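Enquirer: Below you will find the structure I want to go over with you.
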Amino acid sequence: MNNAQSIRTLAVLAVAAAASLAAMAQATDKSVAVEAVPVVPAFNQWVNTIVVAPEPAPVASITTIPLTLVAAPAAAPYEPWPVVVGAPELPLIGAGANQAPRAWGSSFNYQGMHVRLLVLDASGRKVEARAVNSLPRPGERFKIRVTATFDAVTDVGLVLGEPWTSQRAGQLYPAQGMSVHMHAGETVDLPLEQGRFFVMGPNANERLLLSVRHAAALGDVRTQQPAYRMDGKAGSSYLQLVPRGNAPAIEQLLSVAAR
């Protein structure tokens, strides 16, 4: 091999080595991108896929849960967790976010729930699904239908007093010291018993408090983020930002409709 050929060979090898180094640098610079999608459309699709429609009215005998407590504990001041009426702005982030309408991941930055009031008509033969902003009227019998994206414990409490001096009067359903356990994506009607319903009287200072939280959402683990509520014709959707290391917890007060 003459000198000219040797120089050409070395040049080709140098170019190949440079290309290889550039490719390695490119590969090193790359990182795994986290999926991000608009959260509200994804959650709406999840609701339409997962949440079941109301069944016909029960044919069994009907009983109601009065707003009285058998053994009322000492009243405690009630400080509501914030609920913002409107949509959140940040996108849904997490591995598999594009699959959220079918499988809402526990590691997503948002968790949420869908709530419907299932109101029995006067004849007891028909159920109407309502959003929580369509308040029950005095004497109307209703169930609270809940579907959450996360494993949850839920209960319904009683809050008494003016809005600025409200007090927790205790737990109406289930019995004090108990809760209803729900799996992610499971739809639960409260009260669980087929023929039992909540009913509210004319007193606007008596309100129901729906509490839905992850079992770990206690103390500092409970997220401090507000829940965003979006009301539709037949139900209300909630989304809550849950930072890493925190757990979701959402509360909603239910008042009787003004006459």
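Enquirer: Identify, please: which residue in segment 128-139 is of a type outside the set (G, A, S) and in a strand (DSSP E or B) and is, among those, surrounded by the fewest Cβ atoms within 10 Å (Cβ to Cβ)?
Expert: E128
Enquirer: Check whether at least one residue in segment 198-210 is of a type in the set (S, T, N, Q) and either over 20 Å from the mean Cα position of the chain (by Cα) or crowded, with 22+ Cβ neighbours inside 10 Å (or both), and report yes or no.
Expert: yes
Enquirer: Still on this structure, I have one more. Is there any pair linking a residue in segment 70-92 that is more than 21 Å from G235 (Cα to Cα) and assigned to a loop (DSSP other than H, G, I, E, B) to one that is modelled with pLDDT of 80 or more and of a type in the set (S, T, N, Q), with Cβ under 6 Å and at least six apart or on different chains, and which?
Expert: Note: pairs meeting the criteria are A75/Q167; Y78/S166; Y78/Q167.
Enquirer: Same structure again: If I filter segment 159-170 for residues that are over 16 Å from E206 (Cα atoms) and not aliphatic (A, V, I, L, M), do I get at least one hit?
Expert: no
Enquirer: If I ask for residues that are within 22 Å of the chain's Cα centre (by Cα), assigned to a strand (DSSP E or B), surrounded by 14 or more Cβ atoms within 10 Å (Cβ to Cβ) and not aliphatic (A, V, I, L, M), which ones from segment 178-197 would you list?
Expert: T187, D189
Enquirer: Right, something else. Starting from residues that are of a type in the set (A, V, I, L, M, F, W, C) and under 15 Å from L118 (Cα atoms), keep the ones in segment 44-58 and report whichever is modelled with the lowest pLDDT.
Expert: Here the residue is A57.
Enquirer: Suppose we filter R116, R125, R102 for residues that are surrounded by 16 or more Cβ atoms within 10 Å (Cβ to Cβ) and either touching a residue at least 24 places away in the same chain (Cβ under 8 Å) or part of a loop (DSSP other than H, G, I, E, B) (or both); which single one remains?
Expert: R116
Enquirer: Give the residue, chosen from E140, E162, that is under 27 Å from A76 (Cα atoms) and over 21 Å from the mean Cα position of the chain (by Cα).
Expert: Within the list E140, E162, the selection yields E162.
Enquirer: Then there's this: Is there a residue in segment 142-153 that is small (G, A, S), crowded, with 17+ Cβ neighbours inside 10 Å and farther than 15 Å from S211 by Cα?
Expert: For segment 142-153, residues small (G, A, S), crowded, with 17+ Cβ neighbours inside 10 Å and farther than 15 Å from S211 by Cα: absent.
Enquirer: Of the residues that make up segment 241-257, is at least one outside any loop (DSSP other than H, G, I, E, B) and without any contact (Cβ under 8 Å) to a residue 24 or more places away in the chain?
Expert: no
Enquirer: Give me the pairs: first residue in segment 159-177 and part of a strand (DSSP E or B), second residue crowded, with 18+ Cβ neighbours inside 10 Å and among the acidic types (D, E), beta-carbon distance under 7 Å, and six or more apart or on different chains, which are they?
Expert: Close Cβ pairs (under 7 Å, with a partner that is crowded, with 18+ Cβ neighbours inside 10 Å and among the acidic types (D, E)) amount to Q171/D155; Y173/D155.
Enquirer: Counting only residues that are modelled with pLDDT under 90 and crowded, with 19+ Cβ neighbours inside 10 Å, which one in segment 154-169 is nearest to L192 (Cα to Cα)?
Expert: The residue in question is A169.
The values are calculated or read from the model by the stated rules, or taken from the named source; none is laboratory data. This one's a predicted model, so the numbers in the text were calculated from it and none came from an experiment. Cβ sites come from the backbone with ideal geometry, for glycine too, and all protein chains shown count toward neighbours.
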